[in-house]
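Asker: Next up is a structure, given as structure tokens.
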Amino acid sequence: MQHDQFIGLVQDRAHLSSRGEAEGATRATLETLGERIPDHLALHVAAQLPTEIGEHLRRTTRADGQGTGEHFGFDEFAHRVAEREHTDEPDAIYHSRVVFELVDQATTGAVMDHVRDALPEDLRPLVDSGSTGHMKHGE
């Protein structure tokens, strides 16, 4: 999947009014994910995405190789994405679901299964729920 296609699909599925908003939702989600998962996994996901999109994950890896993998749950994830995206938390969560759905479609080798397994139980519904339907976490 190419960058323009990815961003266009985020815009369409998340019902965003501009490509800039879709870029912002993608950046906010992937930067926050990059803070939560281990460096090696962030780099593996990034390598399978268009360069401009993968950079959001690479940006959060540490030069000293010690890894990110901060420990935080759903509420902090929602807060960080919303703050980066300059939106409210329910919208940020929905946009994250869309981005995760598209990352899953754009990658191979069940990489999103590895991402899901690296997340705590309360964050897994973000990866599982996709852009349609309801999330079990209370969305």
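The values are calculated or read from the model by the stated rules, or taken from the named source; none is laboratory data. All values derive from a computational prediction rather than experimental measurement. Neighbour counts are summed over all protein chains in view; Cβ atoms, including those assigned to glycine, are modelled from backbone coordinates with ideal geometry. For accessibility, only protein heavy atoms count, side chains too; no ligands or nucleic acids. Shrake-Rupley method; radii C 1.70, N 1.55, O 1.52, S 1.80 Å.
Here is a yes/no grid of residues against (1) within 12 Å of the chain's Cα centre (by Cα); (2) open to solvent by less than 20 Å² (accessible area, probe 1.4 Å):
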| site | (1), (2) |
| --- | --- |
| 98 | yes, yes |
| 102 | yes, yes |
| 111 | no, yes |
| 115 | yes, yes |
| 123 | yes, yes |
| 127 | yes, no |
| 130 | yes, yes |
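Asker: Does the stretch 21-40 contain at least one residue that is touching a residue at least 24 places away in the same chain (Cβ under 8 Å) and not in a helix (DSSP H, G or I)?
Answerer: yes
Asker: Every residue in the stretch 1-10 that is open to solvent by 70 Å² or more (accessible area, probe 1.4 Å) and assigned to a helix (DSSP H, G or I), please. It would help to see each step written out before you state the result.
Answerer: In the first step, residues of the stretch 1-10 are kept if they are open to solvent by 70 Å² or more (accessible area, probe 1.4 Å); the result is 1-2, 4-5.
Once the filter is applied, which keeps residues that are open to solvent by 70 Å² or more (accessible area, probe 1.4 Å) and assigned to a helix (DSSP H, G or I), the stretch 1-10 yields 4, 5.
Asker: Determine whether residue 43 is assigned to a helix (DSSP H, G or I) and on the phi < 0 side of the Ramachandran plot.
Answerer: In short, yes.
Asker: Kindly list, by first and then second residue, each pair from a residue in the stretch 83-108 that is under 16 Å from residue 17 (Cα atoms) to a residue that is open to solvent by 40 Å² or more (accessible area, probe 1.4 Å) and among the β-branched types (Val, Ile, Thr), limited to pairs with Cβ atoms under 9 Å and residues at least 6 apart or on different chains.
Answerer: 95/87
Asker: Hey, among 13, 19, which residue is over 20 Å from residue 130 (Cβ atoms), of a type outside the set (Gly, Ala, Ser) and open to solvent by 50 Å² or more (accessible area, probe 1.4 Å)?
Answerer: The conditions single out 19.
Asker: Still on this structure, please answer the following. Do we find that residue 83 is over 26 Å from residue 134 (Cβ atoms) and either of a type outside the set (Gly, Ala, Ser) or not in a helix (DSSP H, G or I) (or both) in this structure? Break it down stepwise before answering.
Answerer: Numbers: over 26 Å from residue 134 (Cβ atoms): no; either of a type outside the set (Gly, Ala, Ser) or not in a helix (DSSP H, G or I) (or both): yes.
So residue 83 fails the test.
Asker: Here are the criteria: (1) modelled with pLDDT of 95 or more; (2) under 20 Å from residue 46 (Cα atoms). Tell me which single one residue 64 does not satisfy.
Answerer: If we test residue 64 against (1) modelled with pLDDT of 95 or more; (2) under 20 Å from residue 46 (Cα atoms), just (1) comes out false.
Asker: Could you list all residues from the stretch 15-55 that are over 15 Å from residue 107 (Cβ atoms), touching a Gly at 6+ places or on another chain (Cβ under 8 Å) and of a type in the set (A, V, I, L, M, F, W, C)?
Answerer: Selection gives 22 alone.
Asker: Turning to a different aspect of this structure: Can you find even one residue in the stretch 1-10 that is at pLDDT below 95, in contact with a helix residue (DSSP H, G or I) (Cβ under 9 Å, 6 or more places away or on another chain) and closer than 19 Å to residue 112 by Cα?
Answerer: Within the stretch 1-10 (the criterion being at pLDDT below 95, in contact with a helix residue (DSSP H, G or I) (Cβ under 9 Å, 6 or more places away or on another chain) and closer than 19 Å to residue 112 by Cα), the answer is yes, since at least one residue qualifies.
Asker: If you check every pair at least six apart or on different chains, which have Cβ atoms under 8 Å apart with a residue in the stretch 113-139 that is at negative phi and in a loop (DSSP other than H, G, I, E, B) first and a residue that is at pLDDT below 90 and crowded, with 18+ Cβ neighbours inside 10 Å second?
Answerer: As it stands, the answer is 135/129; 136/129; 139/129, since those pairs meet every condition given.
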